[in-house]
Amino acid sequence: MFERSEAQKILLTHLGRVVREKVGPAAASTDQSGEFNWEIVSLFWDLGLLKMMLPPKYDGWPENPTHTLCLCIEEIAKACASSALLLIIQAVGSYPLIFAGSESQKKKYCPMISDERRLMGYLVTEPGAGSDVQAIRCVARPSGNDFILNGRKVFATNGSVAGIYSVLAKTGEKELSFFIVERDRKGISIGRIEDKCGFRGSNTAEVILEDVAVPEANLIGKRGEGFKIAMGDFDMSRPAVAALSLGLAEGALDYTVEYARQRHTFGKPLIQHQAIQFLLADASTLIEASRGLMERAALAFDSGNKNTRLASMAKFFCSDAAMKITTDMVQVLGGYGYIKDYPIERMFRDAKLTQIFEGANQIQRMIIGREISKT
Ligand SMILES: Cc1cc2nc3c(=O)[nH]c(=O)nc-3n(C[C@H](O)[C@H](O)[C@H](O)COP(=O)(O)OP(=O)(O)OC[C@H]3O[C@@H](n4cnc5c(N)ncnc54)[C@H](O)[C@@H]3O)c2cc1C
């Protein structure tokens, strides 16, 4: 574990209490209803968690913001992964503005985020383009001082609840560009809201853009820089997904250890059986290894060092670990692990997504392989 600053310790203590008192108790009912929980959103705004990645002059976290964001995500995910995802999508959606936007764009949009408390959405994926980002078909056609956007974006986290979107569109045959687009612009409509296996408290929606006029001033970076910006975003978001996975795994292990102390089979507590201890030992070891990778990847991003390889390693290792650990913890609970009255069943369903989004784990291995072959 890396050193925590005094400010981080205070924030995490405060957040730990909110997670115990509010987030954890709401996790099961939010999962069951599949409804977006605005009360949790409001609590997170109050704690400053949804503006953490903004520049400090717009109320962002001043020192090591990515590391701090990841520690908060981990803390929340121990109790509710859907709630932790709120922090990730807020950071992912605002990344193009923060890291590639002009000063005048930041001056206009950062206060909308921090003061007006608008949620962010990130519209990249399309029906025919997930892993293969360059295959997107959404177009942005220049028209006077505007661009006219047309396309269909799917799987957008916060899609129907966000106030501002970062949208990736084609501005030329092989040219991708990012635009910042307010949700209330004419021509934007919401399609299907996905009914998911896990992360049921997270909003996942289709967003349709039909002749949406966006001023040229909303182009983020230069024309054609969209792909580069999207790849840079991953360097920040993948440590964050690693933190989400780590929190999920820790939450599952903590619950299971307690359960295994209480449950008796063959005349002794479950935890006294060596076969069970082996599963707990593997989980505990994977968690420590996950923490090291996640924190290194996050701190490397904060320090401005190229972290692409570390970010991919952290993302796939931590999410594969979370999937293995939650599966094993279901096993330790036996039949009860498969029943909705116990949180392990939800954690097991939630863990699967961490292996898929922000670049599926096959893609992470491809990136690492490519980076290794360069050296
Ligand atoms: C709940 C949820 C929330 C999401 N939120 C967002 C969001 O906010 N914004 C957004 O833009 N997107 C979002 N996504 C989309 C997500 O990032 C994509 O689902 C993901 O990138 C994978 O794309 P795909 O589903 O199209 O799978 P595909 O690209 O069709 O891939 C299918 C499988 O094939 C593998 N594969 C693909 N290409 C190769 C290859 N060359 N070699 C080996 N294996 C390969 C993949 O690893 C994957 O396992 C979300 C998805 C979900 C499910």
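Read-outs: derived from the displayed coordinates by stated rules, not from any lab. Computed from a predicted model, the values in this text were never measured in an experiment. Positions of Cβ are backbone-derived with ideal geometry, glycine not excepted, and every protein chain shown enters the neighbour counts.
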(Q) I need the shape label for segment 93-180. Rule: rounded when a/c is under 1.5, else prolate if a/b > b/c, else oblate, with a, b, c from the alpha carbon gyration tensor. (A) oblate
Q: Return the whole-Å distance between the Cα centroid of segment 4-61 and the Cα centroid of segment 163-240.
A: 24 Å
Q) Measuring from centroid to centroid over Cα atoms, what is the spacing of segment 75-119 and segment 242-287 in Å? A) 35 Å
**Q.** For segment 227-374, radius of gyration divided by Kirkwood radius, i.e. Rg to Rh on alpha-carbons
**A.** 1.07
Q: Quick one: what are the phi-derived ³J(HN,Hα) couplings along segment 299-313, Karplus 6.51/-1.76/1.60 with θ = phi - 60°, whole Hz, x for glycine and proline?
A: 5, 5, 5, 4, 7, x, 7, 4, 10, 3, 5, 4, 5, 5, 4
Q.
Over 39 Å apart: what share of the alpha carbon pairs of the chain falls there, rounded to a whole percent?
A. 15 percent
Q: About the Cα centre of segment 120-224, how large is the charge dipole given +1 on each Lys and Arg Cβ and -1 on each Asp and Glu Cβ? Please answer in debye to the nearest 20.
A: 100 debye
**Q.** Cα-based equivalent ellipsoid, segment 48-100: semi-axes from gyration tensor eigenvalues, Å
**A.** 19, 12, 8
Q. Normalised by the residues of segment 6-114, what does the relative contact order come to in percent, with Cα pairs under 8 Å and at least six apart?
A. 30 percent
Q. For Arg261 and Glu216 in the same chain, what is the full-extension length gain: residue separation times 0.36 nm, less their Cα-Cα distance, in nm?
A. 10.0 nm
**Q.** Proxy reagent accessibility, fewest Cβ within 10 Å first, across Thr204, Thr157
**A.** Thr204, Thr157
Q: Please get the size of the charge dipole for the chain, origin at its Cα centre, with Cβ charges of +1 on Lys and Arg and -1 on Asp and Glu, quoted in debye to the nearest 20.
A: 460 debye
Q | Length-normalised contact order for the chain - Cα pairs under 8 Å, 6+ apart - percent | A | 17 percent
Q. How far apart, in nm, are the 7 Å Cα→Cβ label points at Ala289 and Lys9?
A. 3.1 nm
Q. Arranged by the count of other C-beta atoms within 10 angstrom, fewest first, what order do Met294, Met366 take?
A. Met366, Met294
Q. Going through segment 3-84, which trypsin sites (Lys or Arg not before Pro) have at most 16 other Cβ atoms within 10 Å and a DSSP loop state?
A. Arg4
Q) Once every DSSP H run of n ≥ 4 in the chain is given -39500 (n - 2.57) and the sum is divided by its residues, what mean residue ellipticity at 222 nm do you get, rounded to the nearest 500 deg cm²/dmol? A) -17000 deg cm²/dmol
Q. For the peptides 60-68, 182-190, 295-303, what is the packing order when you average, over each peptide's residues, the other Cβ atoms within 10 Å and list the highest mean first?
A. 295-303, 60-68, 182-190
Q. How long is the gain from Asp282 to Arg141 if the chain were fully straight, where each residue apart is worth 0.36 nm and the alpha carbon distance is subtracted?
A. 45.4 nm
(Q) Of Phe316, Met112, Phe44, which is farthest towards the positive pole of the chain's charge dipole, taken about the Cα centre with +1 and -1 on the beta-carbons of Lys, Arg and Asp, Glu respectively? (A) Phe316
